[in-house]
Amino acid sequence: MTRLSHLDTVRGLLTLQDPKQFLFFTRTTNGRRAGKEFLARLKERSQGRDKAISLTSYGAQLKAIRRWGLEQPHDLSVIHQPVLVANGESDRMVPTQNSVDLARRVPNGELVLYPDAGHGGIFQFHGQFVETALEFLER
């Protein structure tokens, strides 16, 4: 994931696009459109906006993800509460198969995969995700 993140960040800089467009969304027509809509939604809030991530924080995040990814799988059968796992069906950052595996390994896992979506599947299908999450929490 570190290599992918660095490559897509450079790709964004070279094409004058936000790296999120490459990291979170598919390169299909629908994925590119959804990425642009998501980035526009991020700019809607004018107060209380998140600060940009620092290079130090970005590096620490990638280092932690890499270290976590090298660990042996944990016994998830001890998780007894229901777990909603949501992802895009074409996630390059965290392969979709990992989400499928996670939902399978927790006793009460429920998997939702969004079509033609990458890591930003819940951003691309935000309306559907909110409905799904609320319904899941109500059960």
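Any read-out appearing in this document is the output of simple, stated calculations on the displayed coordinates, not a laboratory observation. Since the model is a prediction, treat every value here as computed from it, not as a measurement. Here the Cβ is made from the backbone with ideal geometry for all residues, glycine too, and neighbour counts use every protein chain on show.
Before moving on, here are some points about what is shown:
- Under the Karplus curve 6.51 cos²θ - 1.76 cosθ + 1.60, θ = phi - 60°, whole-Hz ³J(HN,Hα) for the stretch 32-45, x wherever Gly or Pro sits: 5, 5, 4, x, 5, 5, 4, 4, 5, 5, 4, 8, 5, 6
- FRET efficiency estimate (nearest 0.05) - Cβ-Cβ, residue 133 to residue 30, R0 30 angstrom: 0.85
- Relative to the longest principal axis of the Cα atoms of the chain, the long axis of helix 126-138 makes an angle of roughly 30 degrees.
- Rounded if a/c under 1.5, otherwise prolate or oblate - the stretch 62-116, Cα gyration tensor axes: oblate
- For the stretch 26-103, with +1 on Lys and Arg beta carbons and -1 on Asp and Glu, the positive-most of 76, 46, 100 along the dipole: 46
- Placing +1 on the Cβ of every Lys and Arg and -1 on the Cβ of every Asp and Glu, with no other charges, gives the chain a dipole of roughly 700 debye about its Cα centre.
- Amide H contacts under 5 Å for residue 93, placed H, 5+ residues apart: 119
- The HN-Hα couplings worked out from phi for the stretch 65-82 by the Karplus form 6.51 cos²θ - 1.76 cosθ + 1.60 (θ = phi - 60°) are 5, 4, 4, 4, x, 8, 5, 5, x, 8, 7, 8, 5, 7, 7, 9, 7, x Hz, whole numbers, x standing for Gly and Pro.
- Computed over neighbours whose Cβ is under 14 Å from that of residue 49, the net charge equals +2, Lys and Arg +1, Asp and Glu -1.
- Percent RCO, i.e. relative contact order, over the stretch 21-139, from Cα pairs under 8 Å lying at least 6 residues apart: 31
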